[in-house]
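**Student:** For reference, the structure I am asking about is given below.
The values are calculated or read from the model by the stated rules, or taken from the named source; none is laboratory data. Just so it is clear, the structure is predicted and the values come from calculations on it, not from any experiment. Using ideal geometry, Cβ is built from the backbone for each residue, glycine included, and neighbour counts are taken over all protein chains shown. Each accessible area value is taken on the protein alone, full model and side chains, heavy atoms only, with ligands, DNA and RNA left out. Shrake-Rupley method; radii C 1.70, N 1.55, O 1.52, S 1.80 Å.
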Amino acid sequence: MSAQSTEEMVKNNNLVYVTDCETGDKMKFLVKGFNNPFYGKMIGNNVTVGSDRYVIEGIISQ
């Protein structure tokens, strides 16, 4: 695994580290499929999943 630069976008099979905007909880999600809400986003982007909002903190390629 290697860390990616901030110019990289989330791609299929990436592990995405996020922070919940409301609670401040840190989580990670494995991006599987191109219809994933995190797909195509970059570090620092806000992403809404259902009624929850997350900010992308990091991307790990696998």
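**Student:** What is the local net charge at residue 38, summed over the other residues whose Cβ is closer than 11 Å to its Cβ (Lys, Arg +1; Asp, Glu -1)?
**Tutor:** With Lys, Arg at +1 and Asp, Glu at -1, the net is +4.
**Student:** Next question. Net charge within 15 Å of residue 48 by Cβ-Cβ distance, Lys/Arg positive one each and Asp/Glu negative one each, not counting residue 48 itself?
**Tutor:** -1
**Student:** Among (i) 4, 18, 33, 28, 13, 4, 1, 0; (ii) 4, 21, 33, 26, 12, 4, 0; (iii) 4, 14, 10, 17, 22, 15, 9, 6, 2, 0, only one was calculated for this model; which label is it, if the read-out is P(r) over Cα pairs in 5 Å bins from 0, in percent?
**Tutor:** The value computed from this structure is option (ii).
**Student:** Using a 1.4 angstrom probe on the protein heavy atoms only, could you order 20, 25 from most to least accessible area?
**Tutor:** 25, 20
**Student:** Send over a whole-number figure in Å² for the accessible area per residue of the chain, probe 1.4 Å.
**Tutor:** With the other protein chains kept in place, the chain gives 65 Å² per residue.
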